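Notes follow the structure.
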Number of protein chains: 2
Amino acid sequence: MADVPLLESYLAGAWHRPAGAGEPVRDAVTGVPVARVSRAGVDVAAAVRHAREVGGPALRALTFAERVPLVKAVAGVLTQAREELYALSARTGATRRDSAVDIDGAIGTLAVFASLGRRGLPDSPVLPDGQAEPLGQGGTFAGQHILTPRRGAAVQINAYNFPVWGPAEKLAPALLAGVPAIIKPATPTAYLTELVVRRIIEAGVLPEGALQLACGSARGLLDQLGGQDSVWFTGSAATAALLRGHPAVTTRSARFNAEADSLNASVLGPDATPGSPEFGLYVDQLVTEMTVKAGQKCTAIRRALVPSARADAVIEAVSARLASAVVGSPANEKAEVGALVSLEQRDDVRSAVAALAAAGPVVFGDPEHVEVAGGDDRRGAFLSPILLRCTDAARTEPHQVEAFGPVAMVIGYDGTAADAVALLERGEGSLAGSVVTADPEFARDVVLGAAAAHGRMLVLDRDCAAESTGHGTPLPQLVHGGPGRAGGGEEEGGLRAVRHHLQRTAVQGSPALLGLITR
Amino acid sequence: MADVPLLESYLAGAWHRPAGAGEPVRDAVTGVPVARVSRAGVDVAAAVRHAREVGGPALRALTFAERVPLVKAVAGVLTQAREELYALSARTGATRRDSAVDIDGAIGTLAVFASLGRRGLPDSPVLPDGQAEPLGQGGTFAGQHILTPRRGAAVQINAYNFPVWGPAEKLAPALLAGVPAIIKPATPTAYLTELVVRRIIEAGVLPEGALQLACGSARGLLDQLGGQDSVWFTGSAATAALLRGHPAVTTRSARFNAEADSLNASVLGPDATPGSPEFGLYVDQLVTEMTVKAGQKCTAIRRALVPSARADAVIEAVSARLASAVVGSPANEKAEVGALVSLEQRDDVRSAVAALAAAGPVVFGDPEHVEVAGGDDRRGAFLSPILLRCTDAARTEPHQVEAFGPVAMVIGYDGTAADAVALLERGEGSLAGSVVTADPEFARDVVLGAAAAHGRMLVLDRDCAAESTGHGTPLPQLVHGGPGRAGGGEEEGGLRAVRHHLQRTAVQGSPALLGLITR
């Protein structure tokens, strides 16, 4: 244990080593400790003060356009550190393909935000919002909405599954907006986020105070927040509810954004018979979503909605593909499915599978045992991909229980758009949905019927398949978030994400004065 | 009591008379009961179900453009009922000028929303948001954000001070968006909102289910709400916090918008010496804000920030004006200041004045007694305008205690924009701020310095004064709301208000498919 590093926090301009020895965080593949994380807590008051008094003013001393290079520079630091990050990422159970989603995804996201910022943000401290509105007949009085940086901290509370991409997609818009960030990583993969922040701080590419890191417990952090601060949470619905009920949000109106549970669904169109391109695309996509990151993606497909008459064919095709998907250590090049992040997480997934099984049997995989290439499933958190089949349409579990692993359930529908929409809506709000069909009318009916229940919907067909980014891939250009169970939040979406960190103010006065304010 | 009507609720397609006799609501001027309101509660589950199953589908059967005439028709109904509404409004203590703000304000707001809708909303069930984003080099895959109506109810929980404008400004955007509304009026003036809804329902201008009214207790209403519903609250910060902490919001992600307390401030520029146009404008505006609606406006000026050297002159000029402002019954044409809504509300204001007095003395008015034209201050809730002067800059009360009546406090600052901004920020988030100055640089520094703490800021000078709509007047074209203490919400702002009722969804697919979806 002595050689295992105790994670430090970067707060108020310095790295802080916590008191005590901390608790070990284990390699997902071998069970060997990777790092130790302290639960002693950090000086959250000093961190928030530093963000407000040092980071915020430094960022606001720049124009919107002048902050774009900061984001680009962070992308550069991550590109430099790429192989080092990949190596450490493997210890989270991630295969090289999985690490690409997290690490290259982060770099790409930062690059896109920099590019959007370069094209869309003004060389001014003020972002005009809309046009000036005349407010009188004589032309002497008008209104103009402006957006200016809020004077608080953007607190990120991240999930364990994307220790690089998660902080990056939240940091980029905050930096562009001129708002300092405090990152609280999830403990199971905090060591990877710590490395990311360490490399950024070492590189000196950000103004002091623009970025802080609180590893371990951030107890009391929300107590410090007020109406100019914001909280960006990704994680479980239960924790989201707890945080959203804190007086910082309910009484002091700190902004709160959540990405939480989501029972994402993918619909197979009635036109997509076995042998058709869309049938193949559907199966491919489902297998991908089940296996990438071992299914530990908030956007992964949990519900496979297929015409009842096609359920057998889909199960057969998916099972055949899953049977050849090698589960194994990231060190083994053949491994297609890595490990879950921890044995505890695997226990949670097994419990969820047991709950789902109330609605129908497991038709592929054994939740209790799996062959592992280059490892074993006693020490490492390996789990077979699991496919279930819903046989009791009245049960609620398929629409409510999120098994956060390589798990999906096939659910039959009657082949109509209306029935597909009704099932999509039973998820009570999802991050991502998809429809795989060559019938544009069917696609339109499903999308317009279920759009209100989704943050993002993909229509996949033979025409766009070659360039499709896939069901489970959030893009910096498009909003990421969903209503209801998914948390009601919205991230990314291009420069929309920057606006979430700004305060909109209607300014009224003479046209000359408004011109002076917006330059 | 027998001849005093018991307020009914319009729910699930019918007027419902509650069981029991109810509690009297009294005329603000005479203390005579105007109506009775029951606390027995209504069938909230049926109301929410009706909104979702009847009102929502009926509204969504129309395109955005087809919903515009609904808003126009509601404006027409209110115009028809105008004199009747004025007559009843007088019983809330409102002078004719006060009623104009509420009733004509409502009609104008509805008309502006109809006009903005006519010009800005498509004849389609879908509102495209931004441009299509190419997502591949080959041009076969793209993304397009769309906005569609959320499938729930928009629940309004209104404040007592604007029983006509409040429901109207919340109803117009919901109707345009295609989302049914449930109005919960504040009990002290519910009889006026009830009349408004009765006339709208009688006129048959809205599809059934688009508008419901729950008078008295709406106990259990939030228990019925989920992720597709929204709550639009105007009232105290304490109630806002209670509602925002409800599981409907924290767990199920119902959208929640609050307009709450606000210690709005108006800054006198250092250039505005007595005798200058801006000095006069400042005094006029402050007197107006103190006296209109007897100061019962969430946007009224509570903090008069003046260069310390000018405090005496401002107090003298304001006091002279207040001394000639007749406090009286709305029946008396000379009355400039009407009654507060109730004796209980007057007690609250007196308590707030006592709290503020810890920071400095009352320099105009007697909180305990006032001469009343056409009434008396034992039966009617009359209160003298009260001006205080802050003599202890360290006290927090001037920046935290909202006396919701004809009360303001003069607070000195050092004449610099930085000091004015620091004082503005001590309000911790306000709905409206103003700067009265002929110095554009000073105005710009104050606005840019304090914009993040405000939802709206007015720069008043001789050039725009003739057309200025004033510090305290929210406009349908401009956002109304403010960060922090003001609730963190945003209403109005033109078609932005419509978008708050819509779900944004990123749709991905082939360009042809995206074209089909957005038409």
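Express in Å², to the nearest 10, the accessible area of B:Met457 obtained by rolling a 1.4 Å probe over the protein heavy atoms while all chains stay in place.
Roll a 1.4 Å probe over it and B:Met457 shows about 0 Å².
Could you list, bin by bin from short to long, the percent of Cα-Cα pairs of segment A:307-379 in 10 Å steps?
In whole percents, the pair-distance histogram is 17, 41, 33, 9, 0.
Of the heavy-atom accessible surface of the protein assembly as shown (probe 1.4 angstrom), what whole percent is carbon and sulfur? Walk me through the intermediate numbers first.
Working: 17870 of 33890 Å².
Carbon plus sulfur share of accessible area: 53 percent.
Specify, for chain A, the residue whose C-beta is closest to the rotation axis mapping it onto chain B, with the distance given in whole Å.
Residue of A nearest the axis onto B, distance in Å: A:Gly245, 2.
For A:Ala323 and A:Glu441, what is the calculated FRET efficiency with R₀ set at 41 Å and r taken between the beta-carbons, to the nearest 0.05? Before the final figure, lay out the partial values.
Working: r = 36 Å, r/R0 = 0.87.
The value I calculate is 0.70.
Taking every pair of alpha-carbon atoms in chain B, what share in percent sits in each 10 Å bin, from 0 to the bin with the longest distance?
P(r) over chain B, rounded to whole percents: 4, 19, 28, 25, 16, 7, 2, 0.
So for segment B:161-236, Kirkwood radius off the Cα pairs, Stokes-Einstein at 4 °C and 1.567 mPa s: how many µm² s⁻¹?
Working: Rh = 13.1 Å.
Result for D is 99 µm²/s.
Over segment B:45-177, what portion of Cα pair distances is larger than 20 Å, expressed as a whole percent? Please list the in-between numbers first.
Working: 5016 of 8778 pairs.
Cα-Cα pairs of segment B:45-177 separated by over 20 Å account for 57 percent.
Using +1 on the beta carbon of Lys and Arg, -1 on that of Asp and Glu, and nothing else charged, what's the dipole of the protein assembly as shown about the Cα centre, debye to 20? Intermediate values should be presented prior to the final figure.
Numbers: 94 positive and 110 negative charges, 52 e Å.
For this selection, approximately 240 debye.
For B:Ala373, place a label point 7 Å from Cα along the Cα-to-Cβ direction in every copy; what are the distances to the other copies, in nm, shortest first?
Listed shortest first, these distances are 9.2 nm.
With a 10 Å radius around each residue's Cβ, average the other Cβ atoms per peptide and rank A:42-49, B:179-186, highest first.
On the way: A:42-49: 20.0, B:179-186: 27.2.
Per-residue mean Cβ counts within 10 Å order the peptides as B:179-186, A:42-49.
Per-residue ellipticity at 222 nm for the protein assembly as shown, helices alone: DSSP H runs ≥ 4 residues times -39500 (n - 2.57), over residue total, nearest 500 deg cm²/dmol?
Working: 36 runs with 350 residues, N = 1038.
Computed ellipticity for the protein assembly as shown at 222 nm equals -10000 deg cm²/dmol.
How far is the Cα center of segment B:40-88 from the Cα center of segment B:320-394, in Å?
37
Compactness ratio of segment A:225-275: Cα Rg over 2.2 N^0.38 Å, N = residue count?
On the way: Rg = 18.2 Å, N = 51, 2.2 N^0.38 = 9.8 Å.
Compactness ratio reported: 1.86.
Shortest first and in nm with one decimal, please list how far the A:Pro57 label point sits from its counterparts in the other copies (point 7 Å along Cα→Cβ).
6.1
For segment A:361-477, would you read off the P(r) tail past 25 Å as a percentage of all alpha carbon pairs?
Counting every Cα pair in segment A:361-477, those more than 25 Å apart make up 36 percent.
What fraction, in whole percent, of alpha-carbon pairs in segment A:341-410 exceed 15 Å separation? Could you put the intermediate results ahead of the total?
Details: 1165 of 2415 pairs.
In whole percent, the share of Cα-Cα pairs in segment A:341-410 beyond 15 Å is 48.
Using the crude model of +1 on Lys and Arg Cβ and -1 on Asp and Glu Cβ, and no other charge, please compute the dipole size for segment A:94-177 relative to its Cα centre, in debye to 20. Present the calculation step by step, with values, prior to reporting the outcome.
Values: 7 positive and 7 negative charges, 28 e Å.
Result for segment A:94-177 is approximately 140 debye, rounded to the nearest 20.
Among B:Gly374, A:Leu242, A:Leu388, whose Cα projects farthest towards the positive end of the dipole of the protein assembly as shown, with charges put on the beta-carbon of Lys, Arg (+1) and Asp, Glu (-1)?
Highest projection toward the positive end goes to A:Leu242.
Can you work out the base-10 log of I(q)/I(0) for segment A:461-519 at q = 0.13, 0.15 1/Å, using the Debye formula on its C-alpha atoms alone?
At q = 0.13, 0.15 Å⁻¹ the computed log10 ratios are -0.60, -0.68.
Taking loop as defined by DSSP and a crowding limit of 13 other beta carbons within 10 Å, which GluC sites (Glu not before Pro) in segment B:306-373 fit? Present the calculation step by step, with values, prior to reporting the outcome.
On the way: sites: B:Glu316, B:Glu333, B:Glu336, B:Glu344, B:Glu368, B:Glu371; in loops: B:Glu333, B:Glu336, B:Glu368, B:Glu371.
The qualifying sites are B:Glu333, B:Glu368, B:Glu371.
Below 26 Å, Cα to Cα, which lysines can B:Lys334 reach? Residues fewer than 8 away in the same chain don't count.
B:Lys293, B:Lys297
Could you work out the local net charge near A:Pro476, counting Lys and Arg as +1, Asp and Glu as -1, over the other residues with Cβ closer than 9 Å to its Cβ? List each step's numbers first, then the result.
On the way: positive: none; negative: A:Glu169, A:Glu492.
Taking every other residue near A:Pro476 into account, the sum is -2.
With the crude spin-label approximation of a point 7 Å out along Cα→Cβ, what separation in nm comes out for B:Ala309 versus B:Arg519?
It is 6.4 nm.
Going by Cα centres, segment A:274-295 and segment B:237-270 are how many Å apart?
That distance is 45 Å.
Binning every alpha carbon pair distance of the protein assembly as shown at 20 Å from zero, what are the percents per bin?
Once binned at 20 Å, the Cα pair distances of the protein assembly as shown give 13, 42, 33, 11, 1.
Determine the shielding of peptide A:427-435 by partner chains: average, over its residues, the number of Cβ atoms on other chains within 10 angstrom of each Cβ. Present the calculation step by step, with values, prior to reporting the outcome.
Values: counts 0, 5, 6, 0, 0, 2, 1, 2, 2.
So the per-residue partner count for this stretch is 2.
What gaps in nm, shortest first, separate A:Ala238 from its twins in the other copies when you place the label 7 Å past Cα toward the beta carbon?
Spelled out, the distances from A:Ala238's label point are 3.4 nm.
Find, among the GluC sites (Glu not before Pro) in segment A:59-164, those assigned to loop by DSSP (not H, G, I, E, B) with at most 16 other beta-carbon atoms within 10 angstrom.
Details: sites: A:Glu66, A:Glu83, A:Glu84; in loops: none.
Nothing satisfies the criteria.
The values are calculated or read from the model by the stated rules, or taken from the named source; none is laboratory data. Since the model is a prediction, treat every value here as computed from it, not as a measurement. Because the Cβ atoms are built from the backbone with ideal geometry, glycine has one as well, and the counts that use them run over all protein chains shown. Just so you know, the surface numbers come from the protein's heavy atoms only, side chains and all, with ligands and any DNA or RNA stripped out. Shrake-Rupley method; radii C 1.70, N 1.55, O 1.52, S 1.80 Å.
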